[in-house]
Amino acid sequence: MQPFPVNPDSVKEPLTLLDDEGASWVLHRKRLDLRVVRRLVKDATTPVVWGDMGGTSPRLTTETERPMLWDRIKDGYKGPGGTSPTGRYLAHEFRAEPGRRMLYVEDHC
């Protein structure tokens with residue numbers, strides 16, 4: 001997956017992510033509500049991309065990582081619905097045709 005020069009939350013113009021299979025994903029919504037994040041993490045059909053290094057270095061999460069993602073995100077989420085305004089995680093939704101969704105989680109360690 002292509003790295004970003006800045007994290008998706010900092011971008012003002014449309015942002016496109018090209019995945020390893022050549023699909024183009026367009027940033028659809030920034031700073032998702034924590035309830036939406038939970039729903040997308042638990043939906044096995046929705047790919048989850050983890051943005052290391054403050055969200056600039058994306059990688060697709062593995063099936064073995066997925067069950068632990070919600071526990072990792074929920075207590076340190078700094079977006080809407082989160083309990084920690086100084087948390088380390090933010091999540092965004094990307095979309096691709098036809099009607100595909102992807103969850104992108106920025107990790108600000």
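Taking every Cα atom in the range 48-109, find the radius of gyration and the maximum pairwise distance Dmax, and write them in Å.
Both quantities, over Cα of the range 48-109: 11.8, 36 Å.
Could you sort the peptides 33-46, 59-72 by per-residue average Cβ neighbour count (10 Å cutoff), highest mean leading? Don't skip to the end; give the middle numbers.
Details: 33-46: 15.3, 59-72: 12.1.
Final packing ranking: 33-46, 59-72.
Find the relative contact order for the chain and round it to a whole percent, using C-alpha pairs within less than 8 Å whose residues are 6+ positions apart. Display every interim value, and only then the final one.
Details: 221 pairs, mean separation 34.4, N = 109.
Computed over the chain, the figure is 32 percent.
If you roll a 1.4 Å probe over the heavy atoms of the protein chains, what accessible area per residue do you get for the chain, in Å²? Before the final figure, lay out the partial values.
On the way: 6080 Å² over 109 residues.
I get 56 Å² per residue for this part.
Which of Pro3, Val26, Val37 sits farthest toward the positive end of the charge dipole of the range 1-46, with +1 on the Cβ of Lys and Arg and -1 on the Cβ of Asp and Glu?
Of Pro3, Val26, Val37, it is Val37.
Roughly how large, in nm² to one decimal, is the mean projection of the convex hull of the alpha-carbon atoms in the chain? Mind dumping the intermediate values first?
On the way: hull surface 25.3 nm².
Approximately 6.3 nm², given one-decimal rounding.
The values are calculated or read from the model by the stated rules, or taken from the named source; none is laboratory data. The structure displayed is predicted, hence computed values, not measured ones. Heads up, the Cβs are rebuilt from the backbone with ideal geometry, glycines too, and the neighbour counts pull from every protein chain shown. Surface accessibility is based on the protein's heavy atoms, side chains included, excluding ligands, DNA and RNA. Shrake-Rupley method; radii C 1.70, N 1.55, O 1.52, S 1.80 Å.
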